[in-house]
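Novice: Below you'll find the structure I mean.
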Amino acid sequence: MRGGPPFMRHWLMKSEPDECSIEDALAAPGRITPWTGVRNYQARNAMRDEMKVGDGVLFYHSSCEQPGIAGLAEVASAAYTDPTQFERKSAYYDPKSRRDAPRWVAVDVRALKKTRLVTIAELKAHKPLAKMWTLRPGNRLSITPVSAAEWRLITGRLV
């Protein structure tokens, strides 16, 4: 996955570790975890329109005591209808979504390995990462693109 082919994209995908940690993803059958519950149109569009099987993923723990990159993964499926939008008991239920016109998609992610935790402060300390999407002020997206140069620096030197 280091750099990958020129057509390969890279993503930072945030997950709350009490919901799905890198350890949970590594323990899943086939190390594959459905990435459901995304309820932001920009992140949905990235999954639906831009993500491809094999794309690299920085698995990021968010909304926890020490947020940061906790592992490496890859996109393992094309986008498909997120079933949680139809499950009334799900925290991700969307009463406005219809089965004949679903609003939300999911992808499967294959966990590759746990890494040392690379904190947000450590990412910010590296000048070449200054323009990294996830480090932009006010960014709260759960899925953001990662440039090839950012991917190489993070996977080659930091994790």
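Novice: Looking at (1) surrounded by fewer than 20 Cβ atoms within 10 Å (Cβ to Cβ); (2) farther than 17 Å from R31 by Cα, which one does M132 not meet, given that it meets all the others?
Specialist: Checking M132 against (1) surrounded by fewer than 20 Cβ atoms within 10 Å (Cβ to Cβ); (2) farther than 17 Å from R31 by Cα, the one that fails is (1).
Novice: What are the residues in region 4-34 that are over 17 Å from R140 (Cβ atoms), crowded, with 16+ Cβ neighbours inside 10 Å and not hydrophobic (A, V, I, L, M, F, W, C), if any?
Specialist: Passing the criteria: G4, R9, H10, P17, S21, R31, T33, P34.
Novice: Can you tell me which residues in region 86-98 are out of contact with any Gly (no Cβ under 6 Å at 6 or more places or on another chain) and either closer than 17 Å to S142 by Cα or at pLDDT below 95 (or both)?
Specialist: Selection gives A91 alone.
Novice: OK, next. Restricting to region 123-143, and then to whatever is in a loop (DSSP other than H, G, I, E, B) and of a type in the set (D, E, K, R), can you tell me which residue is nearest to T155 (Cα to Cα)?
Specialist: Only one residue tops the list, namely K131.
Matching residues to (1) among the β-branched types (V, I, T); (2) part of a helix (DSSP H, G or I); (3) open to solvent by 10 Å² or more (accessible area, probe 1.4 Å); (4) in contact with a Lys or Arg (Cβ under 6 Å, 6 or more places away or on another chain):
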| position | (1), (2), (3), (4) |
| --- | --- |
| F59 | no, no, no, no |
| Q66 | no, no, yes, no |
| A78 | no, no, yes, no |
| Q85 | no, yes, no, no |
| K96 | no, no, yes, no |
| K114 | no, no, yes, no |
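Novice: Inside region 100-112, can you point out the residues that are open to solvent by 30 Å² or more (accessible area, probe 1.4 Å) and within 18 Å of the chain's Cα centre (by Cα)?
Specialist: Passing the criteria: D108, R110, L112.
Novice: Additional query: Can you tell me which residue is nearest to N139 (Cα to Cα) among those in region 35-48 that are in contact (Cβ under 8 Å) with a residue 24 or more places away in the chain and open to solvent by 70 Å² or more (accessible area, probe 1.4 Å)?
Specialist: Out of the qualifying residues, it is Q42.
The values are calculated or read from the model by the stated rules, or taken from the named source; none is laboratory data. As the structure is a prediction and not an experimental result, all values here were calculated from the model. Every residue, glycine as well, gets a Cβ built from its backbone with ideal geometry; the counts of neighbours run over all protein chains shown. The accessibility values were calculated without ligands, DNA or RNA, using every heavy atom of the protein model including side chains. Shrake-Rupley method; radii C 1.70, N 1.55, O 1.52, S 1.80 Å.
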